[in-house]
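The values are calculated or read from the model by the stated rules, or taken from the named source; none is laboratory data. Everything numeric here is computed off the predicted structure, so don't read it as measured data. So basically every Cβ, Gly included, is an ideal-geometry build from the backbone, and we count neighbours across all protein chains shown.
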Amino acid sequence: MAKVKMSKKAASIDMTAMCDVAFLLLTFFILTATAKNPEPLPVETPNSTVQSKLPEENLAVIIIGDGDKVFYGIKGRDVRKRTLELMGDKYGIKFSDNEINEFSLIDEFGAPIEAMKQVIAMKGADRNKEGVQPGIPHDTLENNKNNQLKDWIYTSRQANIDVQNEQLNFAIKGDAKEQYPKVKQIMDELQNQKVNSFSLVTGLRGKNY
């Protein structure tokens with residue numbers, strides 16, 4: 001007797017519910033994501049296998065790149081506010097409360113103090129465009145008084161003590177293409193202010209590199 005062959009039907013899975021969940025998750029991540037602003041002075045740090053992280057507070061970062069340009073970043077909005085107030089007092093520049101609040105939102109900057117009002121007034125995207133900020137004056141010649149980096153370091157240290165009652169830590173973030181004398185110049189400035197312990201920011205590489 002011949003066997004009866006059963007017809008085979010392709011199994012189907014309803015993916016509607018899974019697609020709905022996927023699109024809901026995608027929409028959630030898009031709406032809650034924060035766009036990262038471009039760095040005002042992008043640098044390519046040298047590679048290292050060290051994995052220690054920089055502290056999230058009580059930290060100032062000195063960025064060196066683009067042919068001897070120097071930018072400065074301070075962690076903590078209240079510390080930034082106090083630092084700008086102290087710099088304004090030192091250079092005889094009066095910053096309004098609104099300007100001080102706006103400055104507290106700027107992670108990194110690189111302009112002479114005389115141009116800081118114009119930098120603060122810019123939108124973030126315009127402020128971070130290449131070439132807009134010329135860098136902080138940092139000539140360390142003995143007879144040259146235009147070493148504003150020295151004053152930023154000093155006032156930010158004082159501001160951190162005033163606000164956090166803690167000593168300020170420092171990190172140097174230099175471009176791998178920068179000449180060593182440029183980096184050493186910054187190290188010398190820190191040591192002149194009795195800051196003998198600081199970090200060097202590097203990029204992570206594999207141990208078998």
### Summary
Counting only residues that are within 20 Å of Ala60 (Cα to Cα), among the acidic types (Asp, Glu) and part of a loop (DSSP other than H, G, I, E, B), the range 81-139 contains a total of 2
### Task
Taking only the range 61-79 into account, find how many residues are hydrophobic (A, V, I, L, M, F, W, C) and farther than 15 Å from Leu149 by Cα.
1
### Message
What's the total number of residues in the range 161-182 that are surrounded by fewer than 17 Cβ atoms within 10 Å (Cβ to Cβ) and assigned to a helix (DSSP H, G or I)?
### Response
5
### Query
Residues in the range 86-94: is at least one surrounded by fewer than 16 Cβ atoms within 10 Å (Cβ to Cβ), out of contact with any helix residue (DSSP H, G or I) (no Cβ under 9 Å at 6 or more places or on another chain) and under 23 Å from Leu54 (Cβ atoms)?
no
### Task
Give the residue, chosen from Asn143, Asn147, that is closer than 17 Å to Phe71 by Cβ and at pLDDT below 90.
Asn147
